[in-house]
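One structure is given below, encoded as C-alpha coordinates.
The values are calculated or read from the model by the stated rules, or taken from the named source; none is laboratory data. Everything quoted here is computed from the prediction, not taken from an experiment. Here Cβ is always computed from backbone atoms with ideal geometry, including for glycine, and neighbour counts include all displayed protein chains. When the accessible area is computed, the model is the full protein with side chains, heavy atoms only, and any ligands, DNA or RNA have been set aside. Shrake-Rupley method; radii C 1.70, N 1.55, O 1.52, S 1.80 Å.
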Amino acid sequence: MSKYSEFIEKTLESEYTHLQCFKNDDSIKIDLYKHTKIRKKLVLIRSKNRNDHIFRILRGINHPNLPTVFDVCACDDYLMVLESYVEGESLSKLLQKGCVTKKQAVKYTIDVCEALKTLHEKQIIHRDIKPENIIISPDGKAILIDLQAARLVTDTDHKDTINLGTVGYAAPEQYGVHQSTPPTDIYAVGVLLNELIINCHPTVRIPSGKLGKIISKCTETQIYNRYQTVDKLIADLKRYSFFH
Amino acid sequence: MDYKRTADLLEQLKIQNKSYESYLEENQDSFIQNDLKDYWQSILSTCPMKKTDIINKADVGYTFFYDIIKGKKIPSRDTICKIHISMNLGLEPCQNTLKLYNWASLYPKNKRDSIIIYGITHHMALYETDALLKQNNQPQLAKML
Ligand SMILES: Nc1ncnc2c1ncn2[C@@H]1O[C@H](COP(=O)(O)OP(=O)(O)O)[C@@H](O)[C@H]1O
Ligand SMILES: [Mg+2]
(Lines give C-alpha, C1' and ligand atoms only; values in the text may rest on other atoms or scores of the structure.)
(Ligands and ions follow the chains in the order given, each with its own letter.)
Protein backbone atom coordinates (compact mmCIF):
# COMPACT_ATOMS: atom_id res chain seq x y z
CA MET A 1 0.00 0.00 0.00
CA SER A 2 0.96 3.59 -0.53
CA LYS A 3 -0.99 6.73 0.25
CA TYR A 4 -1.77 7.26 -3.38
CA SER A 5 -2.99 3.73 -4.04
CA GLU A 6 -5.29 3.99 -1.01
CA PHE A 7 -6.75 7.11 -2.56
CA ILE A 8 -7.26 5.37 -5.92
CA GLU A 9 -8.86 2.31 -4.32
CA LYS A 10 -11.20 4.48 -2.27
CA THR A 11 -12.24 6.54 -5.28
CA LEU A 12 -12.94 3.38 -7.29
CA GLU A 13 -14.97 1.96 -4.43
CA SER A 14 -17.09 5.04 -3.90
CA GLU A 15 -17.53 6.32 -7.44
CA TYR A 16 -17.14 3.29 -9.71
CA THR A 17 -18.79 -0.09 -10.23
CA HIS A 18 -16.69 -3.14 -10.93
CA LEU A 19 -17.86 -4.59 -14.26
CA GLN A 20 -15.46 -7.34 -15.20
CA CYS A 21 -12.14 -9.00 -14.46
CA PHE A 22 -10.17 -9.54 -17.68
CA LYS A 23 -7.33 -11.41 -16.12
CA ASN A 24 -6.16 -12.57 -12.72
CA ASP A 25 -3.03 -14.61 -12.14
CA ASP A 26 0.13 -14.49 -10.03
CA SER A 27 1.69 -11.68 -11.96
CA ILE A 28 -1.19 -9.50 -13.12
CA LYS A 29 -4.80 -8.54 -12.38
CA ILE A 30 -6.77 -6.49 -14.89
CA ASP A 31 -10.21 -5.11 -14.00
CA LEU A 32 -12.81 -3.01 -15.76
CA TYR A 33 -14.69 -0.30 -13.84
CA LYS A 34 -17.46 2.06 -14.82
CA HIS A 35 -18.23 5.41 -13.24
CA THR A 36 -21.63 5.30 -11.50
CA LYS A 37 -22.75 8.69 -12.82
CA ILE A 38 -20.94 9.40 -16.06
CA ARG A 39 -20.46 6.64 -18.62
CA LYS A 40 -16.69 6.62 -18.39
CA LYS A 41 -15.02 3.21 -18.23
CA LEU A 42 -11.60 2.58 -16.73
CA VAL A 43 -9.17 -0.30 -16.80
CA LEU A 44 -7.10 -0.92 -13.67
CA ILE A 45 -3.96 -2.99 -14.06
CA ARG A 46 -2.21 -4.35 -10.99
CA SER A 47 1.07 -5.82 -12.10
CA LYS A 48 4.16 -7.39 -10.49
CA ASN A 49 6.18 -6.11 -13.42
CA ARG A 50 7.89 -2.93 -12.30
CA ASN A 51 8.05 -0.99 -15.54
CA ASP A 52 6.17 2.00 -14.16
CA HIS A 53 8.66 4.38 -15.80
CA ILE A 54 7.10 3.42 -19.16
CA PHE A 55 3.61 4.35 -17.98
CA ARG A 56 4.84 7.54 -16.32
CA ILE A 57 6.22 8.65 -19.70
CA LEU A 58 2.92 7.83 -21.45
CA ARG A 59 0.63 9.33 -18.84
CA GLY A 60 -1.76 11.89 -20.28
CA ILE A 61 -0.94 11.22 -23.92
CA ASN A 62 -3.97 10.93 -26.19
CA HIS A 63 -3.27 8.91 -29.30
CA PRO A 64 -5.95 7.32 -31.52
CA ASN A 65 -4.07 4.00 -31.57
CA LEU A 66 -3.06 3.72 -27.90
CA PRO A 67 -5.02 3.57 -24.63
CA THR A 68 -4.63 6.75 -22.56
CA VAL A 69 -2.74 6.26 -19.30
CA PHE A 70 -4.53 8.29 -16.63
CA ASP A 71 -2.45 7.40 -13.62
CA VAL A 72 0.46 5.36 -12.39
CA CYS A 73 1.14 4.37 -8.82
CA ALA A 74 3.91 2.34 -7.25
CA CYS A 75 2.80 0.16 -4.33
CA ASP A 76 4.92 -2.07 -2.10
CA ASP A 77 4.01 -5.30 -3.88
CA TYR A 78 2.83 -4.23 -7.30
CA LEU A 79 2.40 -1.46 -9.81
CA MET A 80 -0.99 0.15 -10.47
CA VAL A 81 -1.93 1.64 -13.84
CA LEU A 82 -5.24 3.32 -14.60
CA GLU A 83 -5.97 3.58 -18.31
CA SER A 84 -8.81 4.15 -20.72
CA TYR A 85 -10.99 1.22 -21.72
CA VAL A 86 -10.64 0.33 -25.38
CA GLU A 87 -13.97 -0.72 -26.79
CA GLY A 88 -13.97 -3.38 -29.47
CA GLU A 89 -12.90 -6.88 -30.37
CA SER A 90 -9.40 -8.29 -30.33
CA LEU A 91 -7.72 -8.80 -33.67
CA SER A 92 -7.02 -12.43 -32.74
CA LYS A 93 -10.76 -13.08 -32.45
CA LEU A 94 -11.45 -11.39 -35.78
CA LEU A 95 -8.66 -13.43 -37.31
CA GLN A 96 -10.18 -16.67 -35.98
CA LYS A 97 -13.49 -15.73 -37.53
CA GLY A 98 -11.61 -15.28 -40.80
CA CYS A 99 -13.09 -11.90 -41.52
CA VAL A 100 -10.02 -9.69 -42.00
CA THR A 101 -9.63 -8.52 -45.58
CA LYS A 102 -6.26 -7.68 -47.13
CA LYS A 103 -7.21 -4.02 -47.21
CA GLN A 104 -8.12 -4.08 -43.51
CA ALA A 105 -4.93 -5.97 -42.69
CA VAL A 106 -2.83 -3.20 -44.23
CA LYS A 107 -4.91 -0.50 -42.52
CA TYR A 108 -4.56 -2.18 -39.08
CA THR A 109 -0.84 -2.59 -39.61
CA ILE A 110 -0.51 1.11 -40.42
CA ASP A 111 -2.49 1.94 -37.26
CA VAL A 112 -0.17 -0.22 -35.16
CA CYS A 113 2.81 1.53 -36.76
CA GLU A 114 1.34 4.92 -35.88
CA ALA A 115 1.12 3.80 -32.24
CA LEU A 116 4.71 2.55 -32.45
CA LYS A 117 5.85 5.85 -33.93
CA THR A 118 4.77 7.63 -30.75
CA LEU A 119 6.25 4.94 -28.50
CA HIS A 120 9.56 4.90 -30.37
CA GLU A 121 9.81 8.69 -30.26
CA LYS A 122 9.79 8.30 -26.49
CA GLN A 123 12.41 5.53 -26.66
CA ILE A 124 9.81 2.92 -25.68
CA ILE A 125 9.94 -0.48 -27.37
CA HIS A 126 6.63 -2.39 -27.08
CA ARG A 127 8.10 -5.88 -27.46
CA ASP A 128 4.82 -7.82 -27.54
CA ILE A 129 3.02 -6.94 -30.77
CA LYS A 130 0.54 -9.68 -31.72
CA PRO A 131 -3.17 -9.96 -32.62
CA GLU A 132 -4.17 -10.62 -28.95
CA ASN A 133 -2.77 -7.21 -28.01
CA ILE A 134 -4.56 -5.29 -30.74
CA ILE A 135 -8.16 -4.21 -30.32
CA ILE A 136 -10.27 -3.21 -33.31
CA SER A 137 -12.71 -0.46 -32.37
CA PRO A 138 -16.28 -0.36 -33.72
CA ASP A 139 -15.21 2.36 -36.17
CA GLY A 140 -12.42 0.15 -37.55
CA LYS A 141 -9.33 1.54 -35.84
CA ALA A 142 -6.60 -0.69 -34.47
CA ILE A 143 -5.47 0.12 -30.94
CA LEU A 144 -2.28 -1.37 -29.53
CA ILE A 145 -2.63 -2.41 -25.85
CA ASP A 146 -0.50 -4.32 -23.32
CA LEU A 147 2.70 -2.51 -22.44
CA GLN A 148 3.59 -5.15 -19.86
CA ALA A 149 6.72 -6.19 -21.76
CA ALA A 150 7.68 -2.68 -22.88
CA ARG A 151 11.01 -1.16 -22.00
CA LEU A 152 13.22 1.75 -22.85
CA VAL A 153 15.95 1.47 -25.47
CA THR A 154 18.30 2.53 -22.70
CA ASP A 155 17.23 -0.23 -20.30
CA THR A 156 20.31 -2.37 -20.71
CA ASP A 157 19.52 -5.23 -18.36
CA HIS A 158 18.75 -8.24 -20.55
CA LYS A 159 18.04 -10.90 -17.97
CA ASP A 160 14.27 -10.90 -18.32
CA THR A 161 14.10 -10.81 -22.11
CA ILE A 162 13.49 -14.53 -22.46
CA ASN A 163 10.35 -14.53 -20.33
CA LEU A 164 8.68 -11.64 -22.06
CA GLY A 165 7.36 -11.30 -25.56
CA THR A 166 5.64 -14.04 -27.51
CA VAL A 167 7.25 -16.91 -29.39
CA GLY A 168 7.02 -16.37 -33.15
CA TYR A 169 6.53 -12.63 -32.81
CA ALA A 170 9.73 -12.05 -30.86
CA ALA A 171 12.61 -10.90 -33.05
CA PRO A 172 15.76 -13.06 -32.98
CA GLU A 173 17.63 -10.51 -30.87
CA GLN A 174 14.91 -10.65 -28.21
CA TYR A 175 16.20 -14.13 -27.29
CA GLY A 176 19.81 -13.13 -27.07
CA VAL A 177 21.95 -10.44 -25.62
CA HIS A 178 21.10 -7.63 -28.02
CA GLN A 179 19.22 -4.70 -26.70
CA SER A 180 15.67 -4.00 -27.96
CA THR A 181 15.43 -1.20 -30.52
CA PRO A 182 12.72 -0.02 -32.99
CA PRO A 183 13.59 -2.82 -35.48
CA THR A 184 12.63 -5.32 -32.74
CA ASP A 185 9.03 -4.09 -32.95
CA ILE A 186 9.25 -3.81 -36.73
CA TYR A 187 10.06 -7.53 -36.92
CA ALA A 188 6.85 -8.32 -35.01
CA VAL A 189 4.87 -6.01 -37.28
CA GLY A 190 6.11 -8.02 -40.26
CA VAL A 191 5.00 -11.26 -38.61
CA LEU A 192 1.66 -9.65 -37.80
CA LEU A 193 0.99 -8.50 -41.36
CA ASN A 194 1.88 -11.94 -42.71
CA GLU A 195 -0.46 -13.66 -40.24
CA LEU A 196 -3.25 -11.26 -41.15
CA ILE A 197 -2.87 -11.82 -44.87
CA ILE A 198 -1.94 -15.49 -45.30
CA ASN A 199 -2.36 -16.84 -41.76
CA CYS A 200 1.16 -18.20 -41.31
CA HIS A 201 4.58 -17.20 -40.05
CA PRO A 202 6.89 -15.48 -42.57
CA THR A 203 9.46 -18.27 -42.11
CA VAL A 204 6.84 -20.65 -43.57
CA ARG A 205 5.63 -18.54 -46.44
CA ILE A 206 5.47 -14.95 -47.60
CA PRO A 207 2.99 -13.57 -50.14
CA SER A 208 4.38 -12.61 -53.52
CA GLY A 209 4.44 -9.02 -54.71
CA LYS A 210 4.98 -5.70 -53.02
CA LEU A 211 3.45 -6.69 -49.64
CA GLY A 212 5.72 -9.72 -49.50
CA LYS A 213 8.72 -7.44 -50.08
CA ILE A 214 7.59 -5.21 -47.21
CA ILE A 215 7.15 -8.21 -44.91
CA SER A 216 10.58 -9.56 -45.87
CA LYS A 217 12.18 -6.24 -45.08
CA CYS A 218 10.49 -6.21 -41.66
CA THR A 219 11.55 -9.72 -40.74
CA GLU A 220 15.17 -9.86 -41.88
CA THR A 221 17.27 -11.76 -39.35
CA GLN A 222 19.95 -9.11 -39.41
CA ILE A 223 18.69 -6.04 -37.60
CA TYR A 224 20.43 -3.65 -40.02
CA ASN A 225 18.65 -5.15 -43.03
CA ARG A 226 15.20 -4.34 -41.61
CA TYR A 227 13.38 -1.02 -41.74
CA GLN A 228 15.16 1.07 -39.15
CA THR A 229 12.20 3.31 -38.35
CA VAL A 230 8.42 2.85 -38.55
CA ASP A 231 8.25 6.04 -40.64
CA LYS A 232 9.76 4.23 -43.62
CA LEU A 233 7.48 1.25 -43.09
CA ILE A 234 4.39 3.46 -42.83
CA ALA A 235 5.39 5.22 -46.06
CA ASP A 236 5.72 1.90 -47.93
CA LEU A 237 2.41 0.58 -46.53
CA LYS A 238 0.59 3.79 -47.44
CA ARG A 239 2.03 3.71 -50.93
CA TYR A 240 0.82 0.12 -51.24
CA SER A 241 -2.72 0.92 -50.08
CA PHE A 242 -2.86 3.91 -52.42
CA PHE A 243 -2.20 1.74 -55.45
CA HIS A 244 -4.39 -1.22 -54.38
CA MET B 1 31.36 4.68 9.03
CA ASP B 2 35.04 5.44 8.89
CA TYR B 3 35.92 6.36 5.30
CA LYS B 4 39.42 5.74 4.03
CA ARG B 5 41.04 8.74 2.46
CA THR B 6 41.37 8.66 -1.30
CA ALA B 7 45.11 9.25 -1.04
CA ASP B 8 45.47 6.17 1.18
CA LEU B 9 43.53 4.06 -1.30
CA LEU B 10 45.74 5.28 -4.11
CA GLU B 11 48.88 4.30 -2.17
CA GLN B 12 47.44 0.83 -1.55
CA LEU B 13 46.72 0.37 -5.25
CA LYS B 14 50.35 1.24 -6.08
CA ILE B 15 51.84 -1.47 -3.81
CA GLN B 16 53.65 -3.77 -6.23
CA ASN B 17 53.35 -7.20 -4.65
CA LYS B 18 49.71 -6.90 -3.72
CA SER B 19 46.94 -8.64 -5.67
CA TYR B 20 43.89 -6.70 -6.79
CA GLU B 21 41.67 -9.25 -5.02
CA SER B 22 43.19 -8.37 -1.67
CA TYR B 23 42.70 -4.67 -2.38
CA LEU B 24 39.07 -5.40 -3.20
CA GLU B 25 38.61 -7.43 -0.03
CA GLU B 26 40.11 -4.78 2.24
CA ASN B 27 38.34 -1.84 0.66
CA GLN B 28 34.86 -3.10 -0.28
CA ASP B 29 33.30 -0.33 1.77
CA SER B 30 35.26 2.44 0.11
CA PHE B 31 33.68 2.26 -3.35
CA ILE B 32 31.41 5.10 -4.35
CA GLN B 33 28.46 2.76 -4.67
CA ASN B 34 28.64 2.02 -0.95
CA ASP B 35 29.13 5.67 -0.08
CA LEU B 36 26.01 6.49 -2.04
CA LYS B 37 24.06 3.68 -0.41
CA ASP B 38 25.00 4.90 3.05
CA TYR B 39 24.21 8.47 2.09
CA TRP B 40 20.72 7.60 0.88
CA GLN B 41 20.09 5.38 3.86
CA SER B 42 20.88 8.23 6.22
CA ILE B 43 18.89 10.81 4.31
CA LEU B 44 15.88 8.50 3.96
CA SER B 45 15.99 7.84 7.69
CA THR B 46 15.34 11.55 8.25
CA CYS B 47 12.27 11.41 5.99
CA PRO B 48 9.08 10.12 7.58
CA MET B 49 7.56 9.08 4.25
CA LYS B 50 7.34 5.52 2.92
CA LYS B 51 9.55 4.82 -0.10
CA THR B 52 6.58 4.15 -2.38
CA ASP B 53 5.10 7.50 -1.38
CA ILE B 54 8.38 9.23 -2.21
CA ILE B 55 8.42 7.45 -5.60
CA ASN B 56 4.86 8.45 -6.50
CA LYS B 57 5.30 12.05 -5.40
CA ALA B 58 8.62 12.33 -7.22
CA ASP B 59 7.16 10.61 -10.28
CA VAL B 60 10.26 8.50 -10.85
CA GLY B 61 10.30 4.83 -11.85
CA TYR B 62 10.21 2.31 -9.01
CA THR B 63 13.22 0.31 -10.20
CA PHE B 64 15.16 3.45 -11.06
CA PHE B 65 14.56 4.86 -7.57
CA TYR B 66 15.80 1.69 -5.89
CA ASP B 67 18.84 1.59 -8.18
CA ILE B 68 19.61 5.18 -7.19
CA ILE B 69 19.42 4.58 -3.45
CA LYS B 70 21.48 1.40 -3.80
CA GLY B 71 24.14 3.47 -5.58
CA LYS B 72 23.73 1.47 -8.79
CA LYS B 73 22.47 4.29 -11.02
CA ILE B 74 23.37 7.94 -11.25
CA PRO B 75 20.37 10.27 -11.23
CA SER B 76 20.19 13.38 -13.40
CA ARG B 77 20.17 16.80 -11.76
CA ASP B 78 16.40 17.08 -12.33
CA THR B 79 15.73 13.65 -10.85
CA ILE B 80 17.61 14.61 -7.68
CA CYS B 81 15.47 17.74 -7.44
CA LYS B 82 12.28 15.73 -7.97
CA ILE B 83 13.19 13.27 -5.23
CA HIS B 84 13.99 16.12 -2.85
CA ILE B 85 10.81 18.01 -3.67
CA SER B 86 8.98 14.78 -2.90
CA MET B 87 10.82 14.12 0.39
CA ASN B 88 10.17 17.70 1.48
CA LEU B 89 13.28 18.01 3.66
CA GLY B 90 14.20 21.55 2.66
CA LEU B 91 16.95 23.03 0.48
CA GLU B 92 20.12 22.04 2.37
CA PRO B 93 19.83 18.26 1.83
CA CYS B 94 19.02 18.80 -1.86
CA GLN B 95 22.15 20.91 -2.39
CA ASN B 96 24.19 18.26 -0.55
CA THR B 97 22.91 15.49 -2.80
CA LEU B 98 23.62 17.53 -5.93
CA LYS B 99 27.15 18.14 -4.67
CA LEU B 100 27.65 14.44 -3.94
CA TYR B 101 26.88 13.59 -7.57
CA ASN B 102 29.03 16.45 -8.86
CA TRP B 103 26.04 18.37 -10.21
CA ALA B 104 25.90 22.14 -9.95
CA SER B 105 24.06 23.39 -6.88
CA LEU B 106 20.73 25.12 -7.42
CA TYR B 107 21.67 28.68 -8.25
CA PRO B 108 19.36 31.59 -7.32
CA LYS B 109 20.58 33.72 -10.26
CA ASN B 110 19.38 31.08 -12.71
CA LYS B 111 15.68 31.55 -13.40
CA ARG B 112 14.71 27.87 -13.55
CA ASP B 113 16.83 27.01 -10.50
CA SER B 114 15.31 29.89 -8.55
CA ILE B 115 11.83 28.50 -9.15
CA ILE B 116 12.92 25.06 -7.95
CA ILE B 117 14.50 26.64 -4.87
CA TYR B 118 11.27 28.55 -4.26
CA GLY B 119 9.27 25.33 -4.59
CA ILE B 120 11.49 23.39 -2.20
CA THR B 121 11.65 26.11 0.43
CA HIS B 122 7.89 26.68 0.23
CA HIS B 123 7.19 22.94 0.58
CA MET B 124 5.43 22.81 -2.76
CA ALA B 125 4.50 19.49 -4.38
CA LEU B 126 6.08 18.53 -7.69
CA TYR B 127 2.97 19.42 -9.69
CA GLU B 128 2.84 22.84 -8.00
CA THR B 129 6.51 23.50 -8.74
CA ASP B 130 5.92 22.39 -12.33
CA ALA B 131 2.96 24.75 -12.63
CA LEU B 132 5.19 27.61 -11.49
CA LEU B 133 7.89 26.55 -13.98
CA LYS B 134 5.36 26.45 -16.80
CA GLN B 135 3.93 29.82 -15.80
CA ASN B 136 7.45 31.23 -16.18
CA ASN B 137 8.16 29.47 -19.48
CA GLN B 138 10.72 27.10 -17.99
CA PRO B 139 11.01 23.37 -18.77
CA GLN B 140 9.09 21.32 -16.23
CA LEU B 141 10.61 18.66 -13.99
CA ALA B 142 8.08 15.86 -14.45
CA LYS B 143 8.64 13.36 -17.26
CA MET B 144 12.33 14.23 -17.43
CA LEU B 145 13.84 10.87 -16.49
N1 LIG C 1 -7.16 -0.76 -21.99
C2 LIG C 1 -7.85 -1.88 -22.23
N3 LIG C 1 -9.05 -1.81 -22.85
C4 LIG C 1 -9.77 -2.92 -23.11
N5 LIG C 1 -9.39 -4.15 -22.74
C6 LIG C 1 -8.21 -4.30 -22.12
C7 LIG C 1 -7.37 -3.18 -21.83
N8 LIG C 1 -6.26 -3.63 -21.20
C9 LIG C 1 -6.42 -4.97 -21.11
N10 LIG C 1 -7.57 -5.39 -21.65
C11 LIG C 1 -8.09 -6.77 -21.73
O12 LIG C 1 -7.35 -7.61 -20.86
C13 LIG C 1 -6.67 -8.62 -21.59
C14 LIG C 1 -5.27 -8.86 -21.07
O15 LIG C 1 -4.59 -7.62 -21.07
P16 LIG C 1 -3.08 -7.46 -21.51
O17 LIG C 1 -2.70 -6.04 -21.24
O18 LIG C 1 -2.92 -7.95 -22.90
O19 LIG C 1 -2.29 -8.37 -20.49
P20 LIG C 1 -1.47 -9.72 -20.68
O21 LIG C 1 -0.08 -9.34 -20.33
O22 LIG C 1 -2.08 -10.63 -19.70
O23 LIG C 1 -1.60 -10.19 -22.09
C24 LIG C 1 -6.68 -8.13 -23.02
O25 LIG C 1 -6.64 -9.18 -23.93
C26 LIG C 1 -7.97 -7.34 -23.11
O27 LIG C 1 -9.06 -8.20 -23.33
MG1 LIG D 1 -1.67 -9.31 -23.80
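Couple of notes before you dig in:
- On inspection, B:SER45 qualifies as over 30 Å from B:PRO139 (Cβ atoms) and not basic (Lys, Arg).
- Those helices (runs of 4 or more DSSP H) of the stretch A:1-97 in which at least 2 residues are within 14 Å of chain B (Cβ to nearest Cβ) and open to solvent by 30 Å² or more (accessible area, probe 1.4 Å), considering only elements entirely within it, cover A:3-15.
- Flag for B:LEU100 being open to solvent by 50 Å² or more (accessible area, probe 1.4 Å), out of contact with any strand residue (DSSP E or B) (no Cβ under 6 Å at 6 or more places or on another chain), more than 14 Å from every other protein chain (Cβ to nearest Cβ) and of a type in the set (A, V, I, L, M, F, W, C): yes
- Selection status of B:TYR118, touching a helix residue (DSSP H, G or I) at 6+ places or on another chain (Cβ under 6 Å), modelled with pLDDT of 95 or more and open to solvent by 40 Å² or more (accessible area, probe 1.4 Å): no
- Of all residues in the stretch B:61-76 being facing another protein chain (nearest Cβ under 9 Å) and touching a residue at least 40 places away in the same chain (Cβ under 8 Å), the one that is most open to solvent (accessible area, probe 1.4 Å): B:PHE64
- Considering the conditions (1) in contact with a Ser or Thr (Cβ under 9 Å, 6 or more places away or on another chain); (2) modelled with pLDDT of 95 or more; (3) under 22 Å from A:ILE134 (Cβ atoms), A:THR229 is excluded by exactly one of them, (1).
- Subset of the stretch B:20-60 that is of a type in the set (Val, Ile, Thr) and in a loop (DSSP other than H, G, I, E, B) - its residue that is nearest to the other protein chains (Cβ to nearest Cβ): B:VAL60
- Condition met for A:ILE110 (touching a residue at least 12 places away in the same chain (Cβ under 8 Å), within 14 Å of ligand 2 (Cβ to nearest atom) and more than 14 Å from every other protein chain (Cβ to nearest Cβ)): no
Listed here are the residues, each with its yes/no results for (1) farther than 19 Å from B:ALA125 by Cα; (2) within 12 Å of the chain's Cα centre (by Cα); (3) exposed (fewer than 12 other Cβ atoms within 10 Å of the Cβ).
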{"site": "B:ALA7", "(1), (2), (3)": "yes, no, yes"}
{"site": "B:LYS14", "(1), (2), (3)": "yes, no, yes"}
{"site": "B:TYR23", "(1), (2), (3)": "yes, no, no"}
{"site": "B:ASP38", "(1), (2), (3)": "yes, yes, no"}
{"site": "B:ILE54", "(1), (2), (3)": "no, no, no"}
{"site": "B:ASP78", "(1), (2), (3)": "no, yes, no"}
{"site": "B:ASN96", "(1), (2), (3)": "yes, yes, no"}
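- Selected residue (criterion: modelled with the lowest pLDDT) from residues of the stretch A:149-166 that are buried (at least 21 other Cβ atoms within 10 Å of the Cβ) and within 13 Å of ligand 1 (Cβ to nearest atom): A:GLY165
- All of (1) surrounded by 19 or more Cβ atoms within 10 Å (Cβ to Cβ); (2) touching a strand residue (DSSP E or B) at 6+ places or on another chain (Cβ under 6 Å); (3) of a type in the set (Val, Ile, Thr) hold for A:THR118 with one exception: (1).
- The residues on offer are A:SER84, A:SER92, and the sole one that is at pLDDT 95 or above and over 25 Å from B:ALA142 (Cβ atoms) is A:SER92.
- Within the stretch A:134-148, the set of residues being within 11 Å of ligand 1 (Cβ to nearest atom) and touching a residue at least 24 places away in the same chain (Cβ under 8 Å) comprises A:ILE134, A:ILE135, A:SER137, A:ILE143, A:LEU144, A:ILE145, A:LEU147, A:GLN148.
- Residue satisfying all of: in the stretch B:127-142; in contact (Cβ under 8 Å) with a residue 24 or more places away in the chain and either in contact with a strand residue (DSSP E or B) (Cβ under 6 Å, 6 or more places away or on another chain) or surrounded by 14 or more Cβ atoms within 10 Å (Cβ to Cβ) (or both); farthest from B:ILE116 (Cα to Cα) among these: B:ALA142
- Tally of residues being more than 16 Å from A:GLY168 (Cα to Cα) and open to solvent by 90 Å² or more (accessible area, probe 1.4 Å) across the stretch A:195-221: 3
- Exactly one residue out of A:ASP128, A:ASP146, A:ASP111 is in a helix (DSSP H, G or I), within 29 Å of A:GLN179 (Cα to Cα) and within 17 Å of the chain's Cα centre (by Cα), and it is A:ASP111.
- Scanning the stretch A:121-130 for residues being surrounded by fewer than 23 Cβ atoms within 10 Å (Cβ to Cβ) and either near ligand 1 (Cβ under 10 Å from one of its atoms) or away from chain B (no Cβ under 14 Å) (or both) gives a total of 2.
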